[in-house]
1. Among the basic types (Lys, Arg) and within 12 Å of chain B (Cβ to nearest Cβ), is that true of A:Lys150?
2. Are any residues in the stretch D:1-51 assigned to a strand (DSSP E or B) and open to solvent by 20 Å² or more (accessible area, probe 1.4 Å), and if so, which ones?
3. Which of the residues that make up the stretch C:137-146 are more than 8 Å from chain A (Cβ to nearest Cβ) and either under 29 Å from D:Asn69 (Cα atoms) or touching a strand residue (DSSP E or B) at 6+ places or on another chain (Cβ under 8 Å) (or both)?
4. Just one of G:Asp89, G:Asp99 is modelled with pLDDT under 95 and closer than 23 Å to G:His14 by Cβ; which is it?
5. For the structure I just gave you, tell me whether H:Asp99 is within 21 Å of G:Gln119 (Cα to Cα), acidic (Asp, Glu), under 15 Å from the mean Cα position of the chain (by Cα) and within 12 Å of chain G (Cβ to nearest Cβ).
6. When you check H:Tyr8 against the structure, is it without any contact (Cβ under 8 Å) to a residue 40 or more places away in the chain, in contact with a helix residue (DSSP H, G or I) (Cβ under 9 Å, 6 or more places away or on another chain) and not polar (S, T, N, Q), yes or no?
7. Checking B:Glu55 against (1) acidic (Asp, Glu); (2) touching a residue at least 12 places away in the same chain (Cβ under 8 Å); (3) within 18 Å of A:Ala127 (Cβ to Cβ), only one condition comes out false. Which one?
8. Name the residues in the stretch H:126-136 that are more than 19 Å from H:Glu20 (Cα to Cα) and out of contact with any strand residue (DSSP E or B) (no Cβ under 7 Å at 6 or more places or on another chain), would you?
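The values are calculated or read from the model by the stated rules, or taken from the named source; none is laboratory data. Because the structure is predicted, anything quoted here is derived from the model rather than measured. All Cβ positions, glycine included, derive from the backbone under ideal geometry; neighbour counts span all protein chains shown. In case anyone asks, the SASA skips ligands and DNA or RNA and just uses the protein heavy atoms, side chains included. Shrake-Rupley method; radii C 1.70, N 1.55, O 1.52, S 1.80 Å.
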There are 8 protein chains.
Amino acid sequence: MTRIWNVYLSGEIHTDWRAEIQKGCESAGLPVEFSAPVTDHGASDDCGVAIMGEEPNKFWHDHKGAKLNTIRTRSLLGEADIVVVRFGDKYKQWNAAFDAGYAAALGLPLIVMHGDEHQHALKEVDAAALAVIDTPAQVVQILDYVINGKLPA
Amino acid sequence: MTRIWNVYLSGEIHTDWRAEIQKGCESAGLPVEFSAPVTDHGASDDCGVAIMGEEPNKFWHDHKGAKLNTIRTRSLLGEADIVVVRFGDKYKQWNAAFDAGYAAALGLPLIVMHGDEHQHALKEVDAAALAVIDTPAQVVQILDYVINGKLPA
Amino acid sequence: MTRIWNVYLSGEIHTDWRAEIQKGCESAGLPVEFSAPVTDHGASDDCGVAIMGEEPNKFWHDHKGAKLNTIRTRSLLGEADIVVVRFGDKYKQWNAAFDAGYAAALGLPLIVMHGDEHQHALKEVDAAALAVIDTPAQVVQILDYVINGKLPA
Amino acid sequence: MTRIWNVYLSGEIHTDWRAEIQKGCESAGLPVEFSAPVTDHGASDDCGVAIMGEEPNKFWHDHKGAKLNTIRTRSLLGEADIVVVRFGDKYKQWNAAFDAGYAAALGLPLIVMHGDEHQHALKEVDAAALAVIDTPAQVVQILDYVINGKLPA
Amino acid sequence: MTRIWNVYLSGEIHTDWRAEIQKGCESAGLPVEFSAPVTDHGASDDCGVAIMGEEPNKFWHDHKGAKLNTIRTRSLLGEADIVVVRFGDKYKQWNAAFDAGYAAALGLPLIVMHGDEHQHALKEVDAAALAVIDTPAQVVQILDYVINGKLPA
Amino acid sequence: MTRIWNVYLSGEIHTDWRAEIQKGCESAGLPVEFSAPVTDHGASDDCGVAIMGEEPNKFWHDHKGAKLNTIRTRSLLGEADIVVVRFGDKYKQWNAAFDAGYAAALGLPLIVMHGDEHQHALKEVDAAALAVIDTPAQVVQILDYVINGKLPA
Amino acid sequence: MTRIWNVYLSGEIHTDWRAEIQKGCESAGLPVEFSAPVTDHGASDDCGVAIMGEEPNKFWHDHKGAKLNTIRTRSLLGEADIVVVRFGDKYKQWNAAFDAGYAAALGLPLIVMHGDEHQHALKEVDAAALAVIDTPAQVVQILDYVINGKLPA
Amino acid sequence: MTRIWNVYLSGEIHTDWRAEIQKGCESAGLPVEFSAPVTDHGASDDCGVAIMGEEPNKFWHDHKGAKLNTIRTRSLLGEADIVVVRFGDKYKQWNAAFDAGYAAALGLPLIVMHGDEHQHALKEVDAAALAVIDTPAQVVQILDYVINGKLPA
């Protein structure tokens, strides 16, 4: 019975990096299952009030939604074998750093993904990681190595 | 024997919010001891190479330093009764969000401190907090209530 | 392989809210498996003495039964991905609040379900929850969002 | 060095049972330190809005307060050697049952205190307890026995 | 998918109580899988020296064997949903009591099985149990109730 | 500041082995504090009914008492640095073996003390121990070595 | 459903001991699945730089690789039922001893495999093991006994 | 009240590196308390048989001693804030690597100390460390920075 590796893909939701990793893993035939937060930005923002009723105050609007998203995160991130956190070009992305800290405290293997321009600002996050890379292809290569011991050609 | 409350003050290091909280707690006579990361920005950046030798590559320069800082954090944050994380006006402050996630995963009571302008971007972090406030005075009031059951006049 | 979500339905046993949630999830095709305490009130009260012998003292009669029920709870609640606790109109329902505290201490995602009339009395329980709602339909909507990222139409 | 026993007194706040236990322990010279939730009902209800700003909606008014109270509970109850939970005559007291469940999940020794009239309704809570009694004097006797091995005259 | 309950049967190895429980569960169609220590007394005593070489000193002879048996116990008992420990008529059976203590510390639901003649001597063990019974039929009844909510006819 | 070592002395209560160990440690000037179950046999048996009311049934008489004793054990044994469990000549002493299993599951360093005549029957308990000895003097020697690195003359 | 036992084979990578154990288990029809570190020495050394870019400094070259290998180890070793660590004739093999310490701290059953010539140097590692043997055939015999209770003919 | 930092000094026992670190910390006035294994080589080897009786077989001679040493290690290393492990020039030093793995699994901050000649062989151990250095002076500098935020002049 082949072991399935659970990989949680946290962070940036405005580029298709998750799809690229998944496609790369499929091409390589890797026994990996991915999970992630809800990546539909609008749904993620409004889920709380859509289900539990409107809030005039933006704080509680967001609060209700963020807590629903936490239900998902706590299960999927918490049971992952590997957590990948990507920091993109835009926004504060504090939720990504929060997830990285959460994973680190649980002792989960952490891969951090970002461009050079964020290197200094992410040094504490990188210091908690077992790998720091920049591209989806490198994530696929890491998974291929970790699972199969196979290096890129 | 009076119980001493250990409070870890994480995050922004460019304003004197830590000193204000400490002064306020002293005025109120609260049995609190504070800890924090090293708040000297230069020392915090360069500690690794200063002790363990220069690195030509900025990534490893930062890496060495960030890991030394982690030795401090893991003990002081990890044994805190309450973790306060402040987000200021400048920089990415991913280390602050990382600490918040770390504290959340350990089940430590979390107080998040930030201005309204960051409300939406911090919604996931706020959702993990037991209190979200904006001023050092409010932190002092919370501690006075939590410890003594005393409300502000 | 589709991930199956384990949802424990604790609390009130005098209305058919569990069946409604299950029906709703089936309609929505959600990959959910439910567990619950024994909901036959009589069996739940008398199981101890029925199997382990009569007790003249009501305290021990109840004690024997409550402990048998604990065998079930500890396994099923303890391994749940999500715990839903419902407070109904009647009785003290201290066992429901006990389960909520138990789930909270284990760090399990908690959904609390009750009408407005109980809002103030349940504030501590609600404060530990990731969602507070009133109807079975909302539980189904939450599960559909948490699992599939899908909002109600 | 005499070991100090930390005893958390949770639950009912409308009679002076805590004072009676404390007085009894002082008379007996027991090395015990007590902690408890904030027992000023008004302060406990309004602490959140008093410090963090008014809320038009009662749910959020209570939510803010209940979370502040949680900061206190999580530290004091969480570090107790023994947790005593008392159920009185009035109100739903779901927070008391919540605390009992929380303590049980942490594996803390639990003493439950209530009159006979609540026996059946509290059977699940009692089943998790190491002692079920009705009077403050009995709590003092239990502590005297547990600490000194001394039985009541 | 039916949940399978893992039940570890510890203790006495000189009567066929394990087989009776298994037969009873099969008759009742219960979704239970059983595990147990090695119940061949001779093999259990001599496994260490048979594989790892003779020892002139009985202490080390037994030590080697007991440690091999621990490999089995730690996995099977440690992952059980329910631990049943039976005390029979003969021998000291300290390993049974040891297993009960081990299960209790792990928070595993414990069923203790013994005749009346051992009641007083086993009071500490019984106090840690969620059920105390005397016959294999009662274990089957408990499992039927815990799993299906079904009481004996 | 000298580190104080907490040593829990479990098991046999009919000889003065605890006093001998304590006297030996005092002579050697070792920084050790001892704790133990209540060693007054009668008090230990009857504490439950003395405080919580008579029981006509011996099982519940013992049950109430054993649970009170558990309050003590869970704190004192649970926080020990070292657990010593002694098996004497008489009685079944299942509570001693239960404590040994409890300590083993918590990962506490375990010293088992018994005569040769119990060697075979205690092999599983001994296999979980870090030392197996027979006399109070040896316990003192072990503590002197563990704490000070000093061997017997 | 047959229980599958996960066995992690750590340590020496220059002889075919893993293959021998696997072959022996297949012959014996044992329900075992094996995992191991990447045993291609070159790949294991260079994986970091091959995927994440060259390093002029050997320390960081090795650091990148060792951390990738840690991703694999933390999952596979961490979820093993049994950890076997073999020490061979050559090299320092500090990683093997590190894995043994890691497994011991997690409470995983540990089998240590080495020749007599290393006995004294490995005494601390052996002291943490549940079995110490020298040949692959003995590992197979242990697994056959632990799983099936069967002793070698 | 000044926080005292507990630092465990594991590994090599043939040079005076521990004394140098202690002297350096005293000079710097650092609030540090050190602990270590028994560093008298002979006592450490023979403690088991000296207290618990001779063994003709060297394996058991060593086994008894190594387990006594484990009593000390488990307490002192397990409660350390920081673990320093030094690898010297001689011997296999597998116990040092074992301690490093043990500390890593417990999540304790790890400082590894060794000369360049061991760099490649220690890469897995170094990868688990928060600092890798070569001299006692560097350990003192790290402690001064971690505790006081002070860099070397």
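1. Numbers: among the basic types (Lys, Arg): yes; within 12 Å of chain B (Cβ to nearest Cβ): no.
For A:Lys150, the condition - among the basic types (Lys, Arg) and within 12 Å of chain B (Cβ to nearest Cβ) - is not met.
2. Within the stretch D:1-51, D:Asn6, D:Val32, D:Glu33, D:Phe34, D:Ser35 meet the criteria.
3. Within the stretch C:137-146, C:Val139, C:Leu143 qualify.
4. On the way: G:Asp99 fails: modelled with pLDDT under 95.
Residue meeting the stated conditions: G:Asp89.
5. yes
6. No; evaluated as a whole, the condition is false for this residue.
7. Exception for B:Glu55: condition (2).
8. Selection gives H:Ala127 alone.
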